[in-house]
Amino acid sequence: DNGSEVHEVIFNREMTEEFADITLAEAKERAMDALDTTVVADDITEDVLGKYYRVSGPELGRYVLVDEYERLGARTDSEDVLITARSL
């Protein structure tokens, strides 16, 4: 979401392993140990949900095929900014 458009992103295997900080072999092993594939998805979701990223790559309709990504800093809360500004 860039404020005016929503895109879904697609990572290749290598970028997915880097992004999620887990290899495919490790993910398969964890899923087999738990007898549940959602344990891996839940861990990845917990790590990335609510975080901001900048991605770049070719756009195909609503999809972006990610060539590069960057994790951005935490979003600044406007209330915190106002409190800080008033204290100066």
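So which residue, out of Leu65, Leu24, Leu49, gets the largest mean-square fluctuation from a GNM of the chain using Cα contacts under 10 Å as springs?
Its mean-square fluctuation being the largest, the pick is Leu49.
In nanometres, what is the gap between the two model label sites at Asp21 and Arg62, each 7 Å from Cα along Cα-to-Cβ?
Calculated label separation equals 3.1 nm.
Need one number: % antiparallel among DSSP beta bridges in the chain, to the nearest 5. Walk me through the intermediate numbers first.
Values: 6 of 9 bridges.
Roughly 65 percent of the beta bridges in the chain run antiparallel, per DSSP.
What value in Å³ per residue do you get for the convex hull of the alpha-carbon atoms in the chain? Mind showing how you got there, number by number?
Values: hull volume 12.3 nm³, N = 88.
About 140 Å³ per residue, rounded to a whole number.
We did not get these values from a lab; they are worked out from the coordinates using the rules stated. Being a predicted model, the structure only gives us computed values, none of them experimental. Methodologically, a virtual Cβ is constructed for each residue, glycine included, from the backbone with ideal geometry; neighbour enumeration extends over all protein chains shown.
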